[in-house]
Structure formats: structure tokens, C-alpha cells
Amino acid sequence: MRTPFKLLFVAIAAVSISCGGIKKTKNGSEYVLEKDSSGPNIKIGDKIIFHYKITNSKDSVLQNSYETGFPGAIQKVDTNQFKGQMNEALTMASKGDSISIFEPVDSLIAKMPAAKSQPGIIPGTKIKYTFKILHVFSEKEDSLFRTTYMKYQQAAYEKQQKKAEEEAQLAMKDEPAKIEAYIKKSGAGFNKTAEGYYILKTNTTSGAQAKIGDSVKVHYTGTTLEGKKFDSSLDRNEPFPFVIGKSQVIQGWHLGIAQLKVGEKAKLLLPSNLAYGPRGAGPDIKPFSPLLFEVELVEIVKK
């Protein structure tokens, strides 16, 4: 979950103007009221909860709370902190309004030099932040503000969890067919083992045979069946050491590497129960993901 009351905008935006045109605040902040509801405007010191979308000068969406489900919040609207920028323009809006606020990228870079290296940052253009004001609270309503925002966060978190569980169940159901389709499409002569993984030796030798308990060094490249590389010892130019049957690596490695002799290379196609299972690992390895490893047994380390 996101840290409450802290919202980081790292993007730039297009100048897309709705009817009524761009207006300026006293200190020069540019804004457009996309939707103007009745009610009192936001005041300095108020606390607000909002949905937002940020786009760049090519109209690419860089952040969107509607997609993540997590709205943003400002604990205190304070123009002394953001003079002539977003917060001052926010005082032109009220609860229920939609407002677009424009900020020059050069101003953003001046405040945050690291932003220059972020994807989509184009000097000389403007950032466009479009806010949908969900709630406005006075300074005295801090407890209600926090409670309300936490409810939004909890609801969004539960929604994400439910979606992840549904996707995991679908992945588990589809995994066998996914493996079979990959093997058929690859045309490679994989051999299915009794343990349920698949192996294809691509280079054989007469070197020493690896066995359970051996300390070994292995070069490897790991990819998803879609071809996404998630790790490789070759990128580090250093083979990976582990003890077959003892080290904390995935079970498919203990089984597959024990089938190799020194110098041999192979492809190991591991079902998820011999890899990272229902939890997955990182952004690239989803729950119930079968994985492909191209491995080479470089050395059996003598004790």
C-alpha cells in the first residue's frame, strides 16, 4: 500500500484545453476547470482527497489513480510550499470539480533535477495534472480526513488482492496447456521427467557427473515462456554457485542440474510447482508461471 498522504508526481503533460480556455492564478499558475460544481472552493490549510491523471506533451498517460485504484491526498493545501504552482490553482476548485493544472517541465526540473532522467520528461513542455476532487476537509477535520483516506486505500488494496487471486487461479488452470503449447511451438525435443519438468541437452560431454551434495557453479539465463528475460549470470560474467540438494534455490534446479556433466548445457522447462509456485517472484514472474532456464554446468567444486 502507498504511504498515506504522500504523492509523488514524476511526469510531464500535454496542453489539452477544454472550453473556457486556460486561466491564471495570481502567481501565474495555469489551470482549466473541466467541471465546475457548486460549493465553496478549497482553502489554504484544507485537506483534500482526489483522483488524478497525468499525461505528457504527446498525450501519453504517465500516472493514473483510476487504474491503480489508489486516490491521492494532500494533507495541507499550502501555497507557501508550492507558490505559483499546483496547490494555489487547487484553491480555484471545490468538491466534485475536475481541474487541470499545468506546470512547466523546466520548473519541475529546477525543483527536482533527478526528474530530468525520468521517461517522458521533455524540457520546454508542460506537465498536465487533472484532478477530480473527491473530498475536502478543514484543518479541524484531520481525523475524518485520515479515516476517509484509509477507507479508500483499504478498498483499493482489497480490489487489487481479489484481482491478483483471480489471475492466479486462471494461471494455475491454464499452466499445463501453456507448457504443451510452448513445447509444440518450439519444435524442440524436450524429455519429460518423472518429477514433471522437461529437459533438453544442447551440448553433451564426458565430464564428471553432478550429484546430490556437490558444490557446483552454473551459468544460466532465465526467461518466461513468453521470452521475457528476468535474470542471467552471463550478464554478470560470473557463474552462480550452489550446493545441489542443500542450497535455497528452486527445486527444479536441484533436479535438473543433477542430470548434467561438467561442460554440458541444457534447457530446463520447469512447471511452477518446481519454480516459484503460487507466489511468483518479482514483477516478471507471475504466480503459477512455468519458466525456461538455459543452463551450463561450469564446474564441480572440489572440497
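Each reported figure results from applying straightforward, stated rules to the coordinates on display, with no laboratory input. This is a predicted model, so every value here is computed, not measured. All Cβ positions, glycine included, derive from the backbone under ideal geometry; neighbour counts span all protein chains shown.
Hey, what did the chain get for relative contact order, percent, Cα under 8 Å, at least 6 apart?
Averaging sequence separation for qualifying contacts and normalising by length gives 16 percent for the chain.
Using a Förster radius of 41 Å, what is the FRET efficiency between Lys24 and Leu170 based on their Cβ-Cβ separation? Nearest 0.05, please.
After rounding, the FRET efficiency stands at 0.20.
Among Ser65, Ser272, Ser206, rank each residue by its count of other Cβ atoms within 10 Å, from fewest to most, as a rough exposure measure.
Taking fewest neighbouring Cβ atoms as first place, the list is Ser206, Ser65, Ser272.
If you fit an axis through the alpha-carbon atoms of helix 142-186 and take the longest principal axis of the Cα set of the chain, what angle between them do you get, 0 to 90°, nearest 10?
Here the helix axis deviates by roughly 30 degrees.
Charges on Cβ only, +1 for Lys and Arg, -1 for Asp and Glu, centred on the Cα centroid of the chain; of Ile212, Tyr129, Tyr157, which one is farthest towards the dipole's positive end?
Ile212
Which whole-Hz couplings ³J(HN,Hα) result when phi for each residue of region 119-133 is put into the Karplus expression 6.51 cos²θ - 1.76 cosθ + 1.60, θ = phi - 60°, listed in order with x for Gly and Pro?
Coupling constants for region 119-133: x, x, 6, 10, x, x, 9, 10, 8, 10, 10, 10, 10, 10, 6 Hz.
Note down the magnitude of the dipole of the chain about its Cα centre, charges +1 on Lys and Arg C-beta and -1 on Asp and Glu C-beta and zero elsewhere, to the nearest 20 debye.
200
With point charges of +1 on the Cβ of Lys and Arg and -1 on the Cβ of Asp and Glu, referenced to the Cα centre of the chain, which listed residue (Gln63, Phe242, Pro278) lies farthest in the positive direction of the dipole?
Checking the options against the dipole of the chain, the answer is Phe242.
Please tell me the relative contact order of region 81-220 in percent, rounded to the nearest whole number, where contacts are Cα pairs under 8 Å and at least six residues apart.
15
Please state the charge dipole magnitude for region 188-301, taken about the Cα centre, from unit charges on C-beta atoms (+1 on K and R, -1 on D and E), reported in debye and rounded to the nearest 20.
Using Cβ point charges on Lys, Arg, Asp and Glu, region 188-301 gives about 200 debye.
How many nm separate the modelled label positions at Met112 and Asp78, each set 7 Å beyond the Cα in the direction of the Cβ?
With each label point 7 Å from Cα toward Cβ, the separation is 1.8 nm.
Work out the length of the dipole vector of region 28-145 about its Cα centre, built from +1 on the beta-carbon of each Lys and Arg and -1 on the beta-carbon of each Asp and Glu, and round it to the nearest 20 debye.
I would put it at about 180 debye.
Kindly provide the helix-only [θ] at 222 nm of the chain, computed as the sum of -39,500 (n - 2.57) over DSSP H runs of four or more divided by all residues, to the nearest 500 deg cm²/dmol?
So the helix-based figure for the chain works out to -7000 deg cm²/dmol.
Could you tally the net charge around Leu33, taking each other residue with its Cβ under 11 Å from the Cβ of Leu33, Lys/Arg +1 and Asp/Glu -1?
-1
Gain in length, Lys261 to Lys229, computed as 0.36 nm per residue apart minus the alpha-carbon separation, to one decimal in nm?
Once the chain is fully extended between Lys261 and Lys229, it gains 9.0 nm.
So what is log10(I(q)/I(0)) for region 188-301 at q = 0.16, 0.20, 0.22, 0.24 1/Å, when the Debye sum runs over its Cα atoms only?
-0.69, -1.11, -1.34, -1.55
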